[in-house]
Amino acid sequence: MSEKPDLSSAYALETPEDSRRLYAEWAGDYDAGFAAREDYQLHIHTARAFVNAGGQGPVLDVGAGTGLCGTILADLGVGPIDATDISAEMLDQAMRKDIYRDAIEADLNDGIPVPAESYSGIVSSGTFTTGHVGPQGIDALLRVARHGAQFALSINEKHYDRQGFSARFEALLREEKIFHLTLRRVRIYGDMAVGDNKDDTALVALFEKS
């Protein structure tokens, strides 16, 4: 792991332990460093898409990190919001913002330790991508979502087909576990971004649980 975590480090993650180490190092500088320097915008697009689709609380912010997406949700009047993340250090930063009802440290690949059908909305910005969580994580989120719950999940477009997201959504639609699926392409970074990833895009998957 590099001494100064950066986007390349994040894209190189392979295991949950890699994620824990990286984000433990990155937590204190994430907002003022990475997010500001790279003109990070994905959390804004994801939160707005959720609200525009009619999303309501209680909401689970998945891969909440330091609370960037949750802050936008709160500003848009959504609540209550719970945060879940694999990194205790990131969650500590998020809880300092006073926007979350609860913090849940969990590896999404192992499921979220809350009762079934706990949430009316599920939002995730920046978690579904290579090195983080693949399409198998969607099933864990469906378990904790209520019938009719609104989802807004951002997925790095480079990995949408490669990691099997397209096939998983097709199966969920066919099995009638979700409905009203739409994909919105958004830029991950703003006009001030520099570097190899400045033009990266994501697909915000909007759907409802059947």
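The values are calculated or read from the model by the stated rules, or taken from the named source; none is laboratory data. All of these numbers come straight from a predicted model, not from anything done at the bench. Virtual Cβ from ideal backbone geometry, glycine too; neighbours counted across all protein chains shown. Protein only, heavy atoms only, side chains kept; ligands, DNA and RNA dropped before computing areas. Shrake-Rupley method; radii C 1.70, N 1.55, O 1.52, S 1.80 Å.
Tabulated data for the structure shown
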read-out	value
Portion, in percent, of the accessible area of region 143-185 that falls on carbon or sulfur, probe 1.4 Å	47
Value in Å of the Kirkwood radius, where region 135-186 supplies the Cα pairs that are averaged	11.8
Sparsely packed GluC sites (Glu not before Pro) within region 128-179, loop by DSSP, other Cβ within 10 Å at most 10	Glu175, Glu176
Most to least packed among 159-168, 47-56 [average Cβ atoms within 10 Å]	47-56, 159-168
Extent along principal axes [Cα atoms of region 82-210; Å; largest to smallest]	42, 40, 22
Sequence-distant residues sharing a close amide H with Gly57 (under 5 Å, placed H)	Gly79
